[in-house]
1. Please compute the modelled spin-label separation between residue 41 and residue 54, points set 7 Å along Cα→Cβ, answer in nm with one decimal.
2. For region 45-54, what does the Karplus curve 6.51 cos²θ - 1.76 cosθ + 1.60, with θ = phi - 60°, yield as ³J(HN,Hα) per residue in whole Hz, taken in order and with x for Gly and Pro?
3. With only Lys, Arg, Asp and Glu charged, each at its Cβ (+1 for the first two, -1 for the last two), find how big the charge dipole of the chain is about the Cα centre; round to the nearest 20 debye.
4. What angle, in degrees between 0 and 90 and rounded to the nearest 10, separates the Cα long axis of helix 95-106 from the longest principal axis of the Cα atoms of the chain?
5. When only C-alpha pairs under 8 Å and at least 6 residues apart count, what is the relative contact order of the chain, in percent?
6. Quick one: grab Rg to one decimal and Dmax as a whole number for region 19-60, Cα atoms only, in Å.
7. Work out the charge dipole of the chain with +1 on the Cβ of Lys and Arg and -1 on the Cβ of Asp and Glu about the Cα centre, then indicate which of 64, 107, 8 is farthest towards its positive end.
8. For the chain, just run the numbers: alpha carbon Rg, then divide by 2.2 N^0.38 Å, N being how many residues it has.
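Derivation of every value follows stated rules applied to the coordinates shown; laboratory data play no part. Keep in mind it's a predicted model, so treat the numbers as computed, not measured. For neighbour counting, all protein chains shown are included, and Cβ atoms are generated from backbone atoms with ideal geometry for every residue, glycine included.
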Amino acid sequence: MTKFLDGPAAGQTLMLHRAPIFLRVVEQAGEFDALDQLEDEPRPGEKLYAYRRTGDAGYAFIDFGGKSKKASGCYPIASYSFIEPQPTQAEMSMYPTWAEWCGQQIA
């Protein structure tokens, strides 16, 4: 369970499969998701926001039983805070520029 502490996604909880240090969150029509997989890309019309993980991530195995075996699995438990100042939409829109921005923050 990934929780967002502040910013536009404050109070949202998502079930993601990764908990990177930096995470792109997308919003469209009040619905939130995150680009947690390396191959994830924003869809046209989605607004991007950058978040940073607060502390280490833990992991839990969630078994949905007969309801949804497809969704059962190992999920990270992490919290994220909104980054100020935000990178530009162009920096967040494509993985190579996002990865470069993340590297600059760590350096």
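1. 3.4
2. x, 7, 8, 9, 9, 9, 10, 10, 5, 9
3. On the way: 10 positive and 14 negative charges, 78 e Å.
Taking the Cα centre of the chain as origin, the dipole is about 380 debye.
4. On a 0 to 90 degree scale, this one is about 80.
5. Details: 193 pairs, mean separation 30.6, N = 107.
Relative contact order for the chain comes out at 29 percent.
6. Computed over the Cα atoms of region 19-60, radius of gyration and Dmax are 11.3, 33 Å.
7. Of the listed residues, the answer is 64.
8. Details: Rg = 14.1 Å, N = 107, 2.2 N^0.38 = 13.0 Å.
Taking the Cα Rg and dividing by 2.2 N^0.38 Å, one obtains 1.09.
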